[in-house]
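Trainee: Okay, here's the structure, questions in a sec.
The values are calculated or read from the model by the stated rules, or taken from the named source; none is laboratory data. All values derive from a computational prediction rather than experimental measurement. Heads up, the Cβs are rebuilt from the backbone with ideal geometry, glycines too, and the neighbour counts pull from every protein chain shown. For the accessible areas, the whole protein counts, side chains as well, though only heavy atoms, and no ligand, DNA or RNA atoms are used. Shrake-Rupley method; radii C 1.70, N 1.55, O 1.52, S 1.80 Å.
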Amino acid sequence: MPKYFTVEEANRTLPLVRRIVGDIMSTHADLLRRSDEFRVLESGSEASVARRSELDRELRQLTDTVNSFIDELTDIGAQFKGFEGGLVDFFSILDGRPVFLCWKMGEAAIEWYHELNAGYRGRQLLPAHLSQPGE
């Protein structure tokens with residue numbers, strides 16, 4: 001059963017969510033760099049076989065680390081939605097229907113929502129009375 005957030009509750013989680021998403025993004029970037037190195041190494045030489053083996057272990061460890069960060073967000077009740085922008089959604093109720101409050105890395109507060117099936121492209125500004133701090 002998902003946890004439903006008010007805008008205020010979701011905004012209160014943002015300091016922790018920002019740190020976790022920052023960790024996800026930096027670890028994922030490291031994972032991509034090592035993955036690129038793994039792909040371009042020529043197999044055959046003893047040195048490249050050893051490096052590929054080392055990279056394979058590192059890739060598995062980095063993948064586990066990213067997954068553990070995503071699990072932390074899930075434990076909070078947030079859903080990680082994308083590496084590209086550091087997207088996070090929170091279940092909420094707006095006008096009696098379930099929606100996602102939508103936040104991405106770099107935004108100061110939650111000011112957007114979208115329908116459950118709309119995704120990021122369907123983002124809409126929250127009604128003014130909901131996006132005001134302290135209300």
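Trainee: Quick one: putting +1 on the C-beta of Lys and Arg, -1 on the C-beta of Asp and Glu, what dipole do you get for the stretch 85-135 around its Cα centre, in Debye to the nearest 20?
Mentor: Roughly 160 debye for the stretch 85-135.
Trainee: What dipole magnitude, in Debye to the nearest 20, does the chain give about its Cα centre under +1 on Lys/Arg Cβ and -1 on Asp/Glu Cβ?
Mentor: Once rounded to the nearest 20, the dipole reads 160 debye.
Trainee: Report, to the nearest 10°, how far helix 7-40 tilts away from the longest principal axis of the Cα atoms in the chain, using its own Cα long axis and a range of 0 to 90°.
Mentor: 20
Trainee: Using just the Cα positions, wrap the chain in a convex hull and report its mean projected area in square nanometres, one decimal place.
Mentor: Result: a mean projected hull area of 9.5 nm².
Trainee: Using a Gaussian network for the chain with springs between C-alpha atoms less than 10 Å apart, which of these wobbles most: GLY77, GLY96, GLY22?
Mentor: Looking only at GLY77, GLY96, GLY22, the largest GNM fluctuation is found for GLY96.
Trainee: Which residue, SER68, SER26, SER53, tops the fluctuation ranking in a GNM of the chain built on C-alpha contacts under 10 Å?
Mentor: Comparing SER68, SER26, SER53 in a Gaussian network model of the chain, the most mobile one is SER53.
Trainee: If I model the stretch 45-119 as equal point scatterers sitting on the Cα atoms and use the Debye formula, what is log10 I(q)/I(0) at q = 0.12, 0.13 Å⁻¹?
Mentor: Computed log10 I(q)/I(0) values: -0.49, -0.54.
Trainee: Which of these, GLU72, GLU46, GLU58, has the largest mean-square fluctuation under a Gaussian network model of the chain (Cα springs below 10 Å)?
Mentor: Greatest mean-square fluctuation among the candidates belongs to GLU46.
Trainee: Just the number please: accessible area per residue for the chain, 1.4 Å probe, all protein chains included, in Å².
Mentor: Working: 8150 Å² over 135 residues.
Here the per-residue accessible area is 60 Å².
Trainee: Something else: Name the shape class, rounded, prolate or oblate, that the alpha-carbon gyration tensor gives for the stretch 81-132, where a ≥ b ≥ c are the square roots of its eigenvalues, rounded holds for a/c under 1.5, and otherwise prolate holds if a/b is larger than b/c and oblate otherwise. Before the final figure, lay out each step's value.
Mentor: Values: a/c = 2.14, a/b = 1.28, b/c = 1.67.
Here the stretch 81-132 falls in the oblate category.
Trainee: Measure off, as a whole percent, the carbon and sulfur share of the 1.4 Å-probe accessible area of the stretch 5-110, all protein chains present. Spell out each step's value before the answer.
Mentor: On the way: 3030 of 5840 Å².
Exposed carbon and sulfur together represent 52 percent of the surface.
Trainee: Okay, next question. Calculate how steeply helix 46-76 sits against the longest principal axis of the alpha-carbon atoms of the chain, using the helix alpha-carbon long axis, and give the answer as 0 to 90 degrees to the nearest 10.
Mentor: 10
Trainee: Sketch the reach of a paramagnetic label on ILE93 as a point 7 Å from Cα along Cα-to-Cβ, and name the residues of the stretch 1-18 whose backbone nitrogen lies under 12 Å away.
Mentor: Residues 4-6 fall inside that zone.
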